[in-house]
């Protein structure tokens, strides 16, 4: 729909029409009640808000929210105004600025809905509410007294019922929003503006609706919205993509390794996919850590009453630990998540083929080519890569890697299982580093090169965060582990020596025994308390590397070097067939590596900037820094032919 709105004016007209329709529902002489069963998001909730009452089913699938901010826009059918009237300014802003979805109990407590009933009684309850609205009764004194005694009443009185409190409330909302968005996304600030407009003392009655309509039209044509809408559309389309014939659903999974990755894979397999998991590790201590990981994931949900004690018991009952291969004979998929050791992976493949020759063997390796693991396989058609990202329960991407021998049916079954786990799934062809690790290495390597040139660690990290990355490259290296990065980097250098020569800074740091957070020796210090949430840089690194610091005049140039290194390599991946489409590349970079979503991914970035501008920037860096920035041929072709990676 959004792609069909060719101008700001047309988008404003669509918003005005939606407001008009919902206003007609709101002002009908007959009572209208919304009966909600399942997801009620965006325009669905705006429709429900126009009704006089809202009744929800107690289905676990019932969710309510206005998530438009996640698409770079705001509610355009009067939602900014009606939600504020219904639940108050503070709660409305929280819902609209985060885009979070409410369960029915949360919505009832907030005052967004009026009643929760079993699904079978939903229509009966809605009819009962129509009768109540036809014969309204005044609220009892006890109910009024209860509301006066609540803390929410007095907070609302202090902050929302007078102009001074509202001024403070909106100022605080802007400050917190700007701290989170860093000015990269205009939609949250426009939401605050629109809500505030309705409360200005001299504002006309419909001023809030007019402001909403105007903001909707302008935001929908912003580059951030186009990028975010594109990502949403592409991720939705990937759920429908097919790679082989329809396969039976996975019901039993084996996981080899109970470390952070293995335990995380086990968790999402039970919690989301609802399958039985057999978790193997070499000793009881490792298994205990894997079981503890489950509890650490479940505990916050239990505390917030998202799940019950019975749900916890069911989860733990579906996961059984072992130190041998008992129980693996019935596994549909066996996922290995052990050390990056090819001989160890070969041994595990051999063991599984002896116990269960028909099982799919999936490796969670982040760097070893799947074809090398499959070399020792009796059934290479069953060997595939399933690359998860840490922490598994939070990171949405699953990168599936296929070899020339992997059967389409195996790919399809793994993709379906990834969807069961709640993952956004991309399928790429085998090669060193696959896609995500391959484009991450030049990004991190370039940050290390900048450090060697004398740019401060924190300035480089801040430059990338200001650009939209969740963390900077050095903070990321500390979390992942410098030692882990140094296992992957030489593999990439061997495959692509002209572009991925390992930076000597990383070599020296690894030789110095620095592993990052895990041994409290990395780019940042972990032996002192952070100041204002910022860890201090370990300045001994500068002496170790013999670096003289230089003043940074423009941080954006530091960020550009790292980002262009990543983008150029992404285009090389499309050029050599590692990627089958630009869509997969953008989804993988955003959901797996934290590429700024407001820029849409490496390929969308090129379309927005223009191939010419990107080529010229790369060619300039190639002259100033070195041939590692030589533009990919596919990019040069796009520039010469004035082509785009996407149609619009």
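Evaluation of residue 370 against the conditions (1) free of Cβ contacts under 8 Å to residues at least 40 places away in the same chain; (2) touching a strand residue (DSSP E or B) at 6+ places or on another chain (Cβ under 6 Å); (3) more than 19 Å from residue 238 (Cα to Cα) shows that the sole unmet condition is (1).
Consider residue 433 carefully, then state whether it is surrounded by fewer than 24 Cβ atoms within 10 Å (Cβ to Cβ) and on the phi > 0 side of the Ramachandran plot. So residue 433 fails the test.
Of the residues in region 228-242, how many are surrounded by fewer than 19 Cβ atoms within 10 Å (Cβ to Cβ) and touching a strand residue (DSSP E or B) at 6+ places or on another chain (Cβ under 6 Å)? Selection size over region 228-242: 0.
Looking only at residues in region 489-528 that are free of Cβ contacts under 8 Å to residues at least 40 places away in the same chain, assigned to a loop (DSSP other than H, G, I, E, B) and out of contact with any strand residue (DSSP E or B) (no Cβ under 6 Å at 6 or more places or on another chain), the one that is surrounded by the most Cβ atoms within 10 Å (Cβ to Cβ) is 515.
For region 30-46, name all the residues that are outside any strand (DSSP E or B) and crowded, with 19+ Cβ neighbours inside 10 Å. Write out each step before concluding.
Quick first cut of region 30-46, residues outside any strand (DSSP E or B) only: 30-32, 37-38, 42-46.
Within region 30-46, 42, 45, 46 qualify.
When you check residue 285 against the structure, is it surrounded by 15 or more Cβ atoms within 10 Å (Cβ to Cβ) and over 23 Å from residue 365 (Cβ atoms), yes or no? Spelling it out, it is not the case that residue 285 is surrounded by 15 or more Cβ atoms within 10 Å (Cβ to Cβ) and over 23 Å from residue 365 (Cβ atoms). So, residue 88, is that one crowded, with 24+ Cβ neighbours inside 10 Å and assigned by TED's automatic domain parsing to the domain that holds residue 65 or not? No: the conditions fail for residue 88. Residues of region 296-337 that are under 27 Å from residue 368 (Cα atoms), buried (at least 18 other Cβ atoms within 10 Å of the Cβ) and without any contact (Cβ under 8 Å) to a residue 60 or more places away in the chain: 325 alone.
Can you find a residue in region 338-345 that is farther than 16 Å from residue 272 by Cα and crowded, with 19+ Cβ neighbours inside 10 Å?
If we filter region 338-345 for residues that are farther than 16 Å from residue 272 by Cα, which is where we start, we get 338-345.
Pick out the ones that are also crowded, with 19+ Cβ neighbours inside 10 Å and you get 338, 345.
Yes.
Return the residue satisfying two criteria in turn: it lies in region 381-394 and is surrounded by fewer than 20 Cβ atoms within 10 Å (Cβ to Cβ) and in contact (Cβ under 8 Å) with a residue 12 or more places away in the chain, and of such residues it is nearest to residue 414 (Cα to Cα). Among those residues, the one meeting the criterion is 381.
The values are calculated or read from the model by the stated rules, or taken from the named source; none is laboratory data. Source: prediction; values computed, not measured. In this analysis, Cβ positions are derived from the backbone assuming ideal geometry, glycine residues included, and neighbour counts consider all displayed protein chains.
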